[in-house]
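One structure is given below, encoded as structure tokens.
The values are calculated or read from the model by the stated rules, or taken from the named source; none is laboratory data. These numbers come from a predicted model, not from an experiment. Using ideal geometry, Cβ is built from the backbone for each residue, glycine included, and neighbour counts are taken over all protein chains shown. The protein model used for the area step is the full one, side chains on, heavy atoms only, and it has no ligands, DNA or RNA in it. Shrake-Rupley method; radii C 1.70, N 1.55, O 1.52, S 1.80 Å.
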2 protein chains.
Amino acid sequence: MSKEKQFVTEITPQGEDFSRWYIDVIKKAELMDYSPVRGCIVFRPDGYEIWEHIKEELDRRFKETGHRNAYFPLFIPESFFQKEKEHVEGFNPELPWVTEAGGELLEERLAIRPTSETMIGHMYSKWIHSYRDLPVLINQWANVVRWEKRTLPFLRTSEFLWQEGHTAHETESEAREETMRMLETYRSFVEDYLAIPVISGEKTPSERFAGAVDTYSIEAMMKDGRAVQAGTSHYLGNKFAVAFDIKFLDRDNQQQFAHTTSWGVSTRLIGSLIMVHGDDRGLVLPPKVAPTQVIMIPIGPPKTRDAVIARVDELYCQLKGAGVRVRVDDRSDMSPGWKFNEYEMRGVPIRLELGPRDMDNGVCVLVSRVSGEKRIVAQADLVSEISRMLEEVHHEMYEKAKSFRADNTHAVDTLDEMKALLEQKRGFVTAGWCGSAACEKQVKEETGATSRNIPFDPAERKANCLCCGEKAEHTVVFARAY
Amino acid sequence: MSKEKQFVTEITPQGEDFSRWYIDVIKKAELMDYSPVRGCIVFRPDGYEIWEHIKEELDRRFKETGHRNAYFPLFIPESFFQKEKEHVEGFNPELPWVTEAGGELLEERLAIRPTSETMIGHMYSKWIHSYRDLPVLINQWANVVRWEKRTLPFLRTSEFLWQEGHTAHETESEAREETMRMLETYRSFVEDYLAIPVISGEKTPSERFAGAVDTYSIEAMMKDGRAVQAGTSHYLGNKFAVAFDIKFLDRDNQQQFAHTTSWGVSTRLIGSLIMVHGDDRGLVLPPKVAPTQVIMIPIGPPKTRDAVIARVDELYCQLKGAGVRVRVDDRSDMSPGWKFNEYEMRGVPIRLELGPRDMDNGVCVLVSRVSGEKRIVAQADLVSEISRMLEEVHHEMYEKAKSFRADNTHAVDTLDEMKALLEQKRGFVTAGWCGSAACEKQVKEETGATSRNIPFDPAERKANCLCCGEKAEHTVVFARAY
């Protein structure tokens, strides 16, 4: 009883303090723990397994589009950062430096990679000589480090896990095509797999990756109305090719600089899916990445216990055999009620209950985490019922997140209107923008909201800049962001 | 023509200079490249893909035995290393130190992890409170760094990739059982998957992991007769539990220290499989980890080219559909002869040739990389013929390596005999050993060979120590090692 009470009081409601809700939930569900190193977290098995499912599916999609994995060194010599001016300015403040190794001071300091454009650019210059060597389509799964001032588990940590694609091409159009292909790969993955609706668009110049010609992003809305940049894809033009001398003999036997791209998503996707789907009872995990998709809980009095458990074990084997990630909790020292709460808190998409009466009737009860819907299904159809319900849970989660985003997105005409709105409401604001950095800066200073991106496909186009009133060049999504 | 000539001269024969052969072959086959950071290599796609296949299968086996993955920080505070005396002595000389980050000097230096016993021990002390929390069975896939003085690609690099299992148990016997289970997992994986025969045994005290009570290893023989320690498993006793305060209330409500283990294999497995199987023509890759298992080469005159390629493409789809890693090389600017050499050098297990006459006869030609055997098979049976031949190639490679090891293993009775032997021959030496560190040291000083391990199952037991002549406690395998 004390445990159940403890449970109820341990998670701060979202409406009271969203940040505390987030920390409560990820700690209690054992997704992560703080480490003794500032800003670095431990990914506990349930947190790491979400990443494994993300990784596996993205990796499959990357390979399907012709990419291969490779691995480049963790350390980057200081001189490498000096080669691309904007790049060094963007990353220098966040770098950790190795100055001693093997008992000696190093002649040149080594940065821990914050991203690998420089190292990979250097290697590509050795590998690429002719148009026949192109395109080079390489991805790396790795840890990277950015010494952040303010950190938040999964969303902003000093060390994080990610993938970084780095490609080199003969022509600008091919490289731009690749940039958009990978952005679209991210969009479809995040929507189809994590049930998170996103806005695809181009970043404004002030929000570009350090060293990119153009940066594109997918942006998602968290349940507190703030934005998360869930993935980015960059067209780097010739900038890194010039800095690192990535040249090739083209089809006319002329020396050309290659056109390069880079693109990445990281473990912040884990933070995003928690903040998009979770509720006051805890996590709500998208079925395709949930470590446990179905939790089976035998119920009923002690005298029928053995028979019920025997049947549960049979059904478990059927589900397992069909590739469902299923677990049984048959502990006798915890009540069914405690277990219901526990696995709701852990975000397991489907709970399966089986009691003695269900045994007699050849049925069992399925309960959806996202809607709470109870469904009585024939044991004989269990595998197909579960796979159908997992699909439905995914779609419900996606639609719910999409409605939430629609309800919390507001179009405005002026900065005053935007300020008044954000005093009362959370969420995304769409507005016209003239394209000047000054107007963008003023919006940020007066509202705390930054431009997220220029959507490819805005619901509505505004005629005038919200700030200066001049003709709008773009319609922009603004939001406070993680 | 110049290209073919270039090929022949580019690989140093093994007999001439084995180390140069090794470097020639891994560079030419594009498995790796040197990086601008001392001792760190780049894993190019074909090298990294071998690691991906290793990882995937080992990961499956770890999960099958109840382990889950997690991820711990790259950085380890300096004070952590001080907690276990032997551990700090073992690793301190090899550590790189981060002393500055985010533009400031750090209060406490951070080591880049050389292994994670200390960090994981610290976290386990927070997670383990009761016997109900045990066992904890966690594995980590990660990069680690040891600032080595002499490096060799894959076999000894400053940064390398590995997995490290870390488990905690209620009792010594459970922990010892785990230690042996994982050693056996390594043995069977390395033999069944990489076709490398290994010797399982216990390390002598002087060769133990820094901080272990007992260390066990699997040892493999390279083609130059030297040994590689291909995997290790450690019983750590209570040492790390005491150092990091991993305590639990046992079934009698008494505080106890946990018993811990750790075990790991690394990217040195890639170096090992190259040095075990390669020959003067280049790589010979074990089929189960080869990035390309079958290379298809259309042959014949230009006029039949289109028809042959069309048929090759059909067969390609059949093989691909059956899960075979297959590629087609239909470039018209390279001769079949050049291609034959190229893919032999790259170690592709099976070459498939198809020409116009084969088309008429409904057959194709399969050539085994390891034996050179040519087999004419019906196109209709291609999928089953290929999967049979891949199995056979694996077994041939294993048996070949096993005979090589047998031919190059010698039992001796005295140190003089061993010295005389090693002047003429390469390989492993088995001998009796009294158990004293002094005798072991003398063997090392006078022969350059170290004790590899004490095999569980030696072919022959010697009665007396090769060094002092006293009664032998153990039969030991000695060898010069990488």
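Points worth noting:
- Heavy-atom surface of segment B:294-392, accessible at 1.4 Å and reported per residue (Å²): 46
- Chain A - Kirkwood radius from inverse mean 1/r over Cα pairs (Å): 24.7
- On Cα atoms only, tilt of B:437-447 relative to the major axis of chain B in degrees: 30
- Estimated buried accessible area (total), pair B and A, 1.4 Å, Å² to nearest 100: 4500
- Over the protein assembly as shown: helical MRE at 222 nm, DSSP H runs n ≥ 4 each giving -39500 (n - 2.57), nearest 500: -12000 deg cm²/dmol
- Percent antiparallel among DSSP beta bridges (both partners in the protein assembly as shown, rounded to 5): 80
- A compact globular protein would have a Cα radius of gyration near 2.2 N^0.38 Å; the ratio found for segment A:294-390 is 0.98.
- Residue-normalised accessible area of segment B:20-107, expressed per residue, 1.4 Å probe, Å²: 38
- Over chain A, Cα pairs under 8 Å with separation of 6+ residues give a relative contact order of 14 percent.
- Estimated translational diffusion coefficient (Stokes-Einstein, Kirkwood radius over Cα pairs, 37 °C, 0.692 mPa s) of segment A:1-153: 170 µm² per second.
- Accessible surface of chain B, 1.4 Å probe, proportion on carbon and sulfur as whole %: 47
- Euclidean distance between Cα centres, segment B:396-422 to segment A:119-171, Å: 46
- Across segment A:215-318, the volume of the C-alpha convex hull divided among the residues equals 170 Å³ per residue.
- Relative contact order of segment B:294-392, pairs being alpha-carbon contacts under 8 Å that are 6 or more residues apart, as %: 29
- Residues of segment B:71-103 buried by at least 30 Å² of accessible area upon assembly of all protein chains, compared with the chain on its own (1.4 Å probe): B:TYR71, B:PRO73, B:LEU74, B:PHE75, B:TRP97, B:VAL98, B:THR99, B:GLU100, B:ALA101, B:GLY102.
- Size of segment A:12-277 as Cα extents on the principal axes (Å, biggest first): 65, 49, 32
- Restraint check, A:LYS63/A:LYS203; A:LYS63/B:LYS28; A:LYS149/A:LYS444; B:LYS223/B:LYS400; A:LYS400/A:LYS444; A:LYS27/B:LYS247, Cα-Cα greater than 18 Å: A:LYS63/A:LYS203; A:LYS63/B:LYS28; A:LYS149/A:LYS444; A:LYS400/A:LYS444; A:LYS27/B:LYS247
- Within segment A:152-179, the residues that become at least 10 Å² less accessible when every protein chain is included than when their own chain is isolated (1.4 Å probe; DNA, RNA and ligands ignored) are A:GLU159, A:LEU161.
- Cut-off of 10 Å, at most 12 other beta carbons, DSSP loop: longest stretch of chain B lacking such GluC sites (Glu not before Pro): B:17-459
- By accessible area with a 1.4 Å probe, ligands and nucleic acids excluded, highest first: order of B:ARG187, A:ARG251: A:ARG251, B:ARG187
- Scattering curve values for the protein assembly as shown, log₁₀ I(q)/I(0), Debye with Cα scatterers, q = 0.06, 0.07, 0.10 Å⁻¹: -0.50, -0.68, -1.37
- Principal-axis analysis of the Cα atoms of chain A puts helix A:45-64 at an angle of about 50° to the longest axis.
- Segment B:342-462 - Kirkwood radius from inverse mean 1/r over Cα pairs (Å): 18.3
- Counting only Cα atoms, segment A:275-328 measures 42, 28, 8 Å along its principal axes, largest extent leading.
- The residues of segment A:409-479 have, on average, 51 Å² of accessible surface per residue, using a 1.4 Å probe with all protein chains present.
- Overall, the ratio between the Cα radius of gyration of segment A:140-251 and 2.2 N^0.38 Å, rounded to two decimals, is 1.19.
- For segment B:409-479, the Rg and Dmax computed from alpha carbons only, in angstrom: 10.5, 28
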